[in-house]
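Participant: Here you go, one structure.
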Amino acid sequence: MMSGFHSTLSRRDFMKGLGLAGAGIGVAGAVAPTFNDLDQLAATTTNKRHPWWVKENELNVLTSDIDWNVFAQLDKKTTGMPSPSAENEALRAERDKKFDLEGMTQKIPGRDVRCAALADMVTGLQTAAPWDGPSGIVPPQENGASAWQGTPEDNMTMLRAALHLAGAAQVGAMELTEKMLRNFDKGAVVFEDIAKGTVDAKKVYHIPQKAKYLLTYSIQQNYVQCIYQLREDPAYPGKLAMPMPLGRPAIHRAYGDGRYTEWQAMRFVKNLGYGAYKAGVTTNVSLGLFSGLGEQGRATYMMTPRSGLMTRITNYIITDLPLAPTNPIDFGGSKFCETCMRCAEKCPSDALGTQKEPTWDAGPGNKPGYKGWRVDWLKCREVGAPSRCGVCHTLCPFNHPNEGMIHPIVRSTAATTPIFNSFFATMDRTFAYAEPKSPEELEAWWTRDLENWRPDVTHGAGKFTW
């Protein structure tokens, strides 16, 4: 750390660093905060949850209005997901078979044999972890040590660091108050004064009362690969049609990544000496909203300030590890959806409304009690979503990634102009890229700046720029 390294930054120097030198005062004021020196700038970025321009709301307060008299646990008997008819399923099966075979036999780019193999390559990569976490873990208490002890705030910092390495794009938490328990399915979970969770013959999950915290984390899918789904088809004039196999791995791999991260997350929590349970929640999007991972977008799904609609799953763990709740956020996403409508315009099934204002109307498969955007699930499923459509996810303007450039330049120069190799090697030593870490550096790993910490290959990051 360069503590005490003060160097006053002029506004122009800061804007030059952003590539916005010469921008008008209005633009400059909108994109850049004021910093007096480098220490202050560094302090604003260390292990922060979101970019500086994201606002935090109070707990339980979303950008979408909630009617707490209506917002209740999901009754899957009365608000279940609508199912396509048998005729529709048969029609789609024949359509999909013909589409895939046509691509393979005619060697159509994006649809040939290798693309079909790629689409299948990442299917079924990982099974879900047991509902009470992986077995065979010996908690520290049984080895003569105590369970990990930290403040709820320190525990959140620890989990963000660990789960970032495991593949989670974002991490949040909720305390399971009466209102937050409304995110669960009706009759699915019972909290009791028991030491360890169990499940009964009726598939009701019994969880210890002390497990009153919900850890949430999101799994991002690969934006770059998602773009390879998109295609036009005369059968859907003005829309985008069923996806090419070359882009399908973005969806399928994200599900596998989610389960892979789930195993690691539950193992980590259990090895700390605490319980880790996953049961009773169908509407996982609301977990991300209430724990401040993102806002609800027009496509019904959660959108985030860094990766738009590229969140494939918001996963969760019920635990007794004390966690500081993370506030809901407002980054202008839902407001942006009022006028954007990119996803609705290109939706092949017309399942997304083009009305400007969000609505209280729920419709089949959607949870009532909030004013927001909702997809027509029957239309969506009848076209073949999710595996046979990815239009809304891919088109969100908030998806576009930021990429660096210095290391690709070094690699390309080394490949074409060897005269610089010695210089690059010397610089590598100078910056100590491959030196043992000091105890202080090892400890600092837990509080590293995840905004700029590039070595972690978070799943779904797309092109990785070293």
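Participant: Just to be sure I understand the filter: pairs with C-beta atoms under 6 Å, separated by 6 or more residues or on different chains, first member in the stretch 281-292 and on the phi > 0 side of the Ramachandran plot and surrounded by 24 or more Cβ atoms within 10 Å (Cβ to Cβ), second member hydroxyl-bearing (Ser, Thr, Tyr) and at pLDDT 95 or above. Which pairs pass?
Facilitator: 292/326
Participant: Please verify whether residue 233 is among the acidic types (Asp, Glu) and at pLDDT 95 or above, treating the condition exactly as stated.
Facilitator: no
Participant: Counting residues that are more than 24 Å from residue 51 (Cβ to Cβ), which helices (runs of 4 or more DSSP H) fully inside the stretch 193-312 reach at least 2?
Facilitator: Fully inside the stretch 193-312 and qualifying: 249-271.
Participant: Let me ask you something else. Could you check how many residues of the stretch 314-352 are part of a loop (DSSP other than H, G, I, E, B) and touching a helix residue (DSSP H, G or I) at 6+ places or on another chain (Cβ under 9 Å)?
Facilitator: Qualifying residue count, the stretch 314-352: 14.
Participant: Among (1) over 27 Å from residue 378 (Cα atoms); (2) open to solvent by 40 Å² or more (accessible area, probe 1.4 Å); (3) charged (D, E, K, R), where does residue 94 come up short?
Facilitator: (1)
Participant: Cβ-Cβ distance below 6 Å, separation of 6 or more or different chains: which pairs start in the stretch 125-149 with a residue that is closer than 11 Å to residue 271 by Cα and end on one that is of a type in the set (Lys, Arg)?
Facilitator: 133/270; 134/267; 137/270
Participant: Can you tell me which residues in the stretch 353-372 are assigned to a loop (DSSP other than H, G, I, E, B) and in contact with a strand residue (DSSP E or B) (Cβ under 6 Å, 6 or more places away or on another chain)?
Facilitator: Result: 358, 367.
Participant: If I filter the stretch 176-192 down to residues being part of a strand (DSSP E or B) and in contact with a helix residue (DSSP H, G or I) (Cβ under 9 Å, 6 or more places away or on another chain), which single residue comes out as least open to solvent (accessible area, probe 1.4 Å)?
Facilitator: In this case the residue turns out to be 189.
Participant: Has the stretch 274-282 got any residue that is at pLDDT below 90 and among the aliphatic types (A, V, I, L, M)?
Facilitator: Filtering the stretch 274-282 down to residues at pLDDT below 90 leaves none.
So far as the stretch 274-282 goes, no, none of its residues is at pLDDT below 90 and among the aliphatic types (A, V, I, L, M).
Participant: I want to confirm something. Restricting to the stretch 198-223 and keeping residues that are over 20 Å from the mean Cα position of the chain (by Cα) and open to solvent by less than 10 Å² (accessible area, probe 1.4 Å), which single residue is nearest to residue 397 (Cα to Cα)?
Facilitator: 211
Participant: Do we find a residue being open to solvent by 30 Å² or more (accessible area, probe 1.4 Å), out of contact with any Gly (no Cβ under 8 Å at 6 or more places or on another chain) and basic (Lys, Arg) anywhere in the stretch 105-121?
Facilitator: Yes: the stretch 105-121 contains one or more residues that are open to solvent by 30 Å² or more (accessible area, probe 1.4 Å), out of contact with any Gly (no Cβ under 8 Å at 6 or more places or on another chain) and basic (Lys, Arg).
Participant: Which pairs turn up if I take residues in the stretch 264-275 that are hydroxyl-bearing (Ser, Thr, Tyr) and look for partners that are open to solvent by 50 Å² or more (accessible area, probe 1.4 Å) and modelled with pLDDT of 95 or more with beta carbon separation below 9 Å, at least 6 apart in sequence or on another chain?
Facilitator: Between residues of the stretch 264-275 that are hydroxyl-bearing (Ser, Thr, Tyr) and residues that are open to solvent by 50 Å² or more (accessible area, probe 1.4 Å) and modelled with pLDDT of 95 or more, the close pairs are 274/148.
Participant: Here's another thing I want to ask about it. Taking the residues in the stretch 56-75 that are open to solvent by 70 Å² or more (accessible area, probe 1.4 Å) and either polar (S, T, N, Q) or touching a Lys or Arg at 6+ places or on another chain (Cβ under 8 Å) (or both) as candidates, determine which candidate is nearest to residue 293 (Cα to Cα).
Facilitator: For the stretch 56-75, the residue satisfying everything is 65.
The values are calculated or read from the model by the stated rules, or taken from the named source; none is laboratory data. Remember, it's a predicted structure, so these values are computed and weren't measured experimentally. For neighbour counting, all protein chains shown are included, and Cβ atoms are generated from backbone atoms with ideal geometry for every residue, glycine included. Note: areas computed on protein heavy atoms with side chains; ligands, DNA, RNA excluded. Shrake-Rupley method; radii C 1.70, N 1.55, O 1.52, S 1.80 Å.
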